[in-house]
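Submitted below is the structure of interest, expressed as structure tokens.
None of the figures in this text is laboratory data; all of them are computed from the coordinates on show. The model shown is predicted, which means the values in this text are computed figures rather than measured ones. As a convention, Cβ positions derive from the backbone with ideal geometry for all residues, glycine included, and neighbour counts pool all protein chains shown.
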């Protein structure tokens, strides 16, 4: 039921409520009311049955999203997948012709969970199904572990590592990636995993390392305070270059960069306790546009302070990062 306050001629008002009386006492004179005369118009509440509610607009939006996804599946070179996609598209077409989805506008923007989505059995079931379709409860990519939704940051760290490998291949520095894979039952699997050091060797003697562990008893570098596990490290000519992917950090970049000082100051050489971390960078999926944060992505900031941030996002151009890698090995 949709409620709307409207002005109505007094003879058309069918019932008078305390709300109407309060309105007449406050605004009646503007419509000709006197002590002995009622105003010509009275504000009353109109109640209509409507399907144009937030939840239905969200459902229409989600059906449109699902329809777009199925149209993509229909282009796959697999007859069985095409047949299924066509069948589901027919169902969606039928659903979209339902009475409760007619003459309403599709929702746009972020979707919030309302009380109807929480408590109404049908709406709750639909919302949970669609959410699981797009967000997934588990994600696997031939990894030796399963990634839950809350561990999306871990997937981003792995993706950044693979992007750096691609960059190194493009500039002709990739030497050996055999340690990234393991063989089991005649299949090869990616070995990347949290807290399990993985290594890629480069042609110039450098190493690209995922989840390098550094603590009091490691050699040739150690930490004299606490165990440290920088996500991505380039080891070259007895120096380290640390990159730390931060999936949710753009809103608090200065604090995240401040924490990177622990790598620069806390990791030292075993032989003479000299500092070995030359540069530290944060990798983020979106670039900050706050005036106070823009400098962190600027090449001049990087050269001056040997730290900062790079934007790593699918589809984005990585030329700025590639330029830094090339300059690093000159």
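Work out, in µm²/s and without decimals, the Stokes-Einstein translational diffusion coefficient of the range 196-287 at 20 °C, 1.002 mPa s, Rh from Kirkwood over C-alpha pairs.
Details: Rh = 13.6 Å.
Estimated via Stokes-Einstein, D reaches 157 µm²/s.
Note the angle between two axes, namely the Cα long axis of helix 18-27 and the longest principal axis of the Cα atoms of the chain, as a number of degrees from 0 to 90, rounded to the nearest 10.
Approximately 90 degrees, to the nearest 10.
Sticking with this one: Rank these for me by crowding, 276, 58, 13, going from fewest to most other beta carbons within 10 Å. Spell out each step's value before the answer.
Numbers: 276 19, 58 22, 13 15.
Fewest-to-most ranking of 276, 58, 13: 13, 276, 58.
While we're looking at this one, here's another question. Taking Cα pairs under 8 Å and at least six residues apart, what relative contact order does the range 2-48 come out at, in percent?
Working: 55 pairs, mean separation 28.3, N = 47.
With pairs under 8 Å counted, the relative contact order is 60 percent.
Using the count of nearby Cβ atoms within 10 Å as a rough guide to exposure, how do 330, 234 rank from fewest to most? Provide the component values of the computation, followed by the final result.
Numbers: 330 4, 234 22.
Ascending number of Cβ neighbours within 10 Å: 330, 234.
Right, next: Indicate, rounded to the nearest 5 percent, the antiparallel portion of the DSSP beta bridges found entirely in the chain. Numbers along the way, then the final one.
Values: 36 of 48 bridges.
If we restrict to bridges inside the chain, about 75 percent are antiparallel.
Turning to a different aspect of this structure: So what are the radius of gyration and Dmax for the Cα set of the range 54-135, in Å?
Expressed in Å, the Cα Rg and Dmax of the range 54-135 come to 13.8, 42.
Sticking with this one: Relative to the first principal axis of the alpha-carbon coordinates of the chain, what is the inclination of helix 319-328, with its axis defined by its Cα atoms, in degrees from 0 to 90 and to the nearest 10?
20 degrees
Which whole-number percent gives the relative contact order of the range 54-135, counting Cα pairs below 8 Å spaced six or more residues apart?
Working: 51 pairs, mean separation 30.4, N = 82.
Contact order relative to length: 37 percent.
State, in angstrom, two size descriptors of the chain derived from its alpha carbons: Rg to one decimal place and Dmax to the nearest whole number.
Looking at the chain, its Cα Rg and Dmax stand at 30.5, 101 Å.
With viscosity set to 1.567 mPa s at 4 °C, what whole-number translational diffusion coefficient in µm²/s follows for the range 147-328 from Stokes-Einstein and a Kirkwood radius over Cα pairs?
Numbers: Rh = 17.1 Å.
Taking Rh from Cα pairs, D becomes 76 µm²/s.
Could you work out how far helix 54-73 tilts from the main Cα principal axis of the chain, as a 0 to 90 degree angle to the nearest 10?
Once rounded, the angle reads 50 degrees.
For the range 2-48, what are the per-bin percents of Cα-Cα distances with bins 10 Å wide, up to the bin holding the maximum?
Histogram of Cα-Cα distances, whole percents per bin: 27, 61, 11, 1.
While we're looking at this one, here's another question. Anyone know which of 282, 113, 267 comes out most mobile in the 10 Å Cα GNM of the chain?
Judging by the Gaussian network model, the answer is 113.
Which of these, 273, 319, 185, has the largest mean-square fluctuation under a Gaussian network model of the chain (Cα springs below 10 Å)?
In this elastic network of the chain, the residue with the biggest mean-square fluctuation among 273, 319, 185 is 185.
Also, I was wondering about something else. Normalised by the number of residues in the range 241-330, what is the relative contact order in percent for Cα pairs under 8 Å and 6+ residues apart? Numbers along the way, then the final one.
Numbers: 110 pairs, mean separation 24.5, N = 90.
After rounding, I find 27 percent.
Let me ask something else about it. For the range 150-257, what is the Kirkwood estimate of the hydrodynamic radius, computed as the reciprocal of the mean inverse distance between distinct Cα atoms, to one decimal in Å? Please report the intermediate quantities before stating the final value.
On the way: mean 1/r = 0.0659 Å⁻¹.
Computed over Cα pairs of the range 150-257, the Kirkwood hydrodynamic radius comes out at 15.2 Å.
Quick check on the exposure proxy: order 170, 67 from fewest to most C-beta atoms within 10 angstrom.
Working: 170 12, 67 15.
Ascending number of Cβ neighbours within 10 Å: 170, 67.
Also, I was wondering about something else. Can you tell which of 126, 95, 23 shows the greatest fluctuation in a Gaussian network model of the chain with Cα springs below 10 Å?
23
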